[in-house]
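J.: Supplied in structure tokens, the structure appears directly below.
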Amino acid sequence: MDTSWINGQFGQALLNVEVNKLENSLPDLHGHYLLQYSAVNKPVIRSTTLRHQFVGSDGVHGQVSMDYQHLPFRENSLDCVVTHHVLDYNQNPHQCLREAARVVVPNGYLVIVGFNPWSALGISRVLPKSLIPKGGRHLGPRRVIDWLTLLGFRIEQKESAQFLPPFILKYAPGLSEKADSILSYLASPFGGVYVLIARKLVAGRTPIRPQWRVLAGRRLPIPVSSARGVRRGLK
């Protein structure tokens with residue numbers, strides 16, 4: 001997928017909308033490890049209370065180069081995984097979701113950011129001059145929720161943003177922000193972007209932190225740890 005669009009005026013405005021929505025929606029996180037990866041190779045979590053943060057990429061843009069269908073982490077090893085438009089443009093979104101679910105610890109969080117096909121933004125991709133990349137599957141939030149439920153997750157929160165046509169965000173971001181505030185409060189299902197926050201449930205088990213070990217043959221960078229509860233921003 002061509003990611004150059006994210007560096008344009010509209011792409012940057014949309015990314016800011018998503019970053020702010022995540023910052024306002026994510027619960028307080030407790031634990032050690034957060035992984036985030038994006039189809040546009042941009043970090044969307046700017047700061048976290050978790051001790052260590054990995055930024056994944058399918059190229060050379062992140063700390064960890066990886067295949068989203070086969071993540072290089074052990075089962076039940078990460079406290080929070082954030083995927084940003086990965087399901088929209090990967091050839092096998094179900095496998096991507098299964099892999100993300102596999103590496104989350106019991107009671108950990110999986111966060112999905114995606115395009116809603118039943119929105120002005122989603123419909124705009126079929127137009128001759130779409131502001132977002134053409135192609136992709138753009139799964140509706142209801143379908144993703146069904147998949148998460150089958151994988152043993154409970155939906156903790158569902159948020160939407162970018163309700164107006166994309167050209168309004170590009171040329172009148174203030175108006176778009178006001179509409180988002182009103183329509184999000186009214187729980188309109190037609191937001192162009194959805195954020196799903198799901199928690200992993202494992203019946204009959206108490207979450208126990210497995211010993212962290214790097215998979216053989218891979219060397220993952222481990223950031224310098226800080227005191228628990230102190231937010232660390234990306235530089």
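The values are calculated or read from the model by the stated rules, or taken from the named source; none is laboratory data. This structure is a prediction, so every number in the text was calculated from the model and none was measured. Glycine gets a Cβ as well: all are built from the backbone with ideal geometry, and neighbour counts include every protein chain shown.
J.: Conditions: (1) surrounded by fewer than 21 Cβ atoms within 10 Å (Cβ to Cβ); (2) in contact (Cβ under 8 Å) with a residue 24 or more places away in the chain. Ser57 meets all but one. Number of the miss?
T.: It fails just one condition, (2).
J.: So Leu127 ticks every box in (1) touching a helix residue (DSSP H, G or I) at 6+ places or on another chain (Cβ under 6 Å); (2) surrounded by fewer than 20 Cβ atoms within 10 Å (Cβ to Cβ); (3) assigned to a loop (DSSP other than H, G, I, E, B); (4) not aromatic (Phe, Trp, Tyr) but one. Which box is left unticked?
T.: If we test Leu127 against (1) touching a helix residue (DSSP H, G or I) at 6+ places or on another chain (Cβ under 6 Å); (2) surrounded by fewer than 20 Cβ atoms within 10 Å (Cβ to Cβ); (3) assigned to a loop (DSSP other than H, G, I, E, B); (4) not aromatic (Phe, Trp, Tyr), just (1) comes out false.
J.: Restricting attention to the range 139-170, which residues are under 16 Å from Ile197 (Cβ atoms) and basic (Lys, Arg)?
T.: The answer is Arg142, Arg154, Lys158.
J.: Could you list, in sequence order, all residues of the range 40-82 that are assigned to a loop (DSSP other than H, G, I, E, B), in contact with an Asp or Glu (Cβ under 8 Å, 6 or more places away or on another chain) and hydroxyl-bearing (Ser, Thr, Tyr)?
T.: Thr49, Tyr68
J.: Looking at Leu50, Leu121, which one is under 25 Å from Leu169 (Cβ atoms), touching a residue at least 12 places away in the same chain (Cβ under 8 Å) and over 15 Å from the mean Cα position of the chain (by Cα)?
T.: Matching residue, one of Leu50, Leu121: Leu121.
J.: Another question, if that's okay. Checking Lys21 against (1) surrounded by 17 or more Cβ atoms within 10 Å (Cβ to Cβ); (2) over 14 Å from the mean Cα position of the chain (by Cα); (3) modelled with pLDDT of 90 or more; (4) not acidic (Asp, Glu), which test does it fail?
T.: Evaluating Lys21 over (1) surrounded by 17 or more Cβ atoms within 10 Å (Cβ to Cβ); (2) over 14 Å from the mean Cα position of the chain (by Cα); (3) modelled with pLDDT of 90 or more; (4) not acidic (Asp, Glu) leaves (2) as the failure.
J.: Next question. Being touching a Ser or Thr at 6+ places or on another chain (Cβ under 8 Å) and either more than 20 Å from Ala101 (Cα to Cα) or aromatic (Phe, Trp, Tyr) (or both) is the filter here, so list the residues in the range 24-41 that pass it.
T.: Tyr33, Tyr37, Val40, Asn41
J.: Moving on. Being in a strand (DSSP E or B), in contact with a Phe, Trp or Tyr (Cβ under 7 Å, 6 or more places away or on another chain) and at pLDDT 95 or above narrows it down to one of Gly114, Gly108, so name that one.
T.: Gly114
J.: To continue, here is another question. Answer yes or no as to whether Arg74 is closer than 22 Å to Asn92 by Cα, basic (Lys, Arg) and either out of contact with any strand residue (DSSP E or B) (no Cβ under 8 Å at 6 or more places or on another chain) or modelled with pLDDT under 90 (or both).
T.: Answer is yes for this residue.
J.: Please work out if Ala120 is of a type outside the set (Ser, Thr, Tyr), more than 22 Å from Ala198 (Cα to Cα) and surrounded by fewer than 22 Cβ atoms within 10 Å (Cβ to Cβ).
T.: So Ala120 passes the test.
J.: Ser65: surrounded by fewer than 22 Cβ atoms within 10 Å (Cβ to Cβ), within 26 Å of Tyr33 (Cα to Cα), polar (S, T, N, Q) and without any contact (Cβ under 8 Å) to a residue 60 or more places away in the chain, yes or no?
T.: Yes: the conditions hold for Ser65.
J.: What pairs come up if the first residue lies in the range 88-100 and is surrounded by fewer than 16 Cβ atoms within 10 Å (Cβ to Cβ), the second is of a type in the set (S, T, N, Q), and their beta carbons are under 8 Å apart, counting only those six or more places apart or on different chains?
T.: Hits for this filter: Asn92/Gln69; Gln95/Gln69.
J.: Among the candidates Leu29, Leu15, Leu87, single out the residue that is over 22 Å from Ser176 (Cβ atoms) and outside any loop (DSSP other than H, G, I, E, B).
T.: Leu87
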